[in-house]
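Working notes, beginning with the structure itself.
None of the figures in this text is laboratory data; all of them are computed from the coordinates on show. For clarity, every value in this text was computed on a predicted model and none was experimentally measured. No Cβ is skipped: glycine too gets one built from the backbone with ideal geometry, and neighbour counts run over all protein chains shown.
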Ligand SMILES: O=C(O)CCC(=O)C(=O)O
Ligand SMILES: [Mn+2]
């Protein structure tokens with residue numbers, strides 16, 4: 001079922017069971033096994049630290065993506081990603097030319113506060129985010145006014161979150177650590193690199 005999140009200066013839709021549990025469990029194991037996962041490092045306080053998750057970037061030829069000082073050179077599309085891309089494109093009414101995959105191996109893995117606002121995503125990017133595996137909390141905070149309350153949603157197995165319009169200008173998001181959780185989660189964010 002499709003719902004819209006009620007947040008100012010945002011256009012966000014959510015489908016809780018966009019993929020069935022059977023499909024989702026299949027994609028979880030298939031993608032963990034076949035994606036070319038890499039462990040990136042970021043420079044912080046003069047030190048090189050491993051990113052607290054594994055990542056991979058699949059995209060049309062020439063569509064590189066740079067964030068946090070890391071340049072992602074595209075890998076050619078894996079066949080298993082194409083039906084996912086098509087299903088998400090039909091729901092979003094938008095075509096994508098790339099996907100960033102994040103592999104949260106357990107609850108220690110996370111992603112800090114950020115917006116998806118890199119220049120190569122264009123002015124008001126449409127970002128379609130698919131989750132498989134362990135349910136994790138996903139938080140939003142307003143960038144310019146601390147009085148606007150934080151919002152959280154639970155991204156469960158098979159869910160689809162669509163962020164578009166001005167969302168990235170006004171809101172940041174994160175996937176906080178959840179140290180008690182031991183099960184893996186995959187997230188796929190389909191994007192259009194201009
Ligand atoms: O894992 C998630 O749900 C979020 C991923 C994300 O925000 C990103 O890749 O930019
Ligand atoms: Mn993001």
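Side notes on the structure shown:
- Distance (nanometres) between label positions extended 7 Å along Cα→Cβ at residue 182 and residue 89: 4.1 nm
- Within the chain, helix-based [θ] at 222 nm, where runs of 4 or more DSSP H residues each add -39,500 (n - 2.57), nearest 500: -4500 deg cm²/dmol
- Per-peptide packing, taken as the mean over residues of other Cβ atoms within 10 Å, places 69-77, 87-95 in the sequence 87-95, 69-77 from highest down.
- Listed peptides 106-112, 165-171 by packing density, highest first (mean Cβ within 10 Å): 165-171, 106-112
- One compactness figure for the chain is 0.97, namely its Cα radius of gyration divided by 2.2 N^0.38 Å.
- Proxy reagent accessibility, fewest Cβ within 10 Å first, across 14, 132, 45: 45, 14, 132
- Relative contact order [Cα under 8 Å, 6+ residues apart], the range 2-191, whole percent: 30 percent
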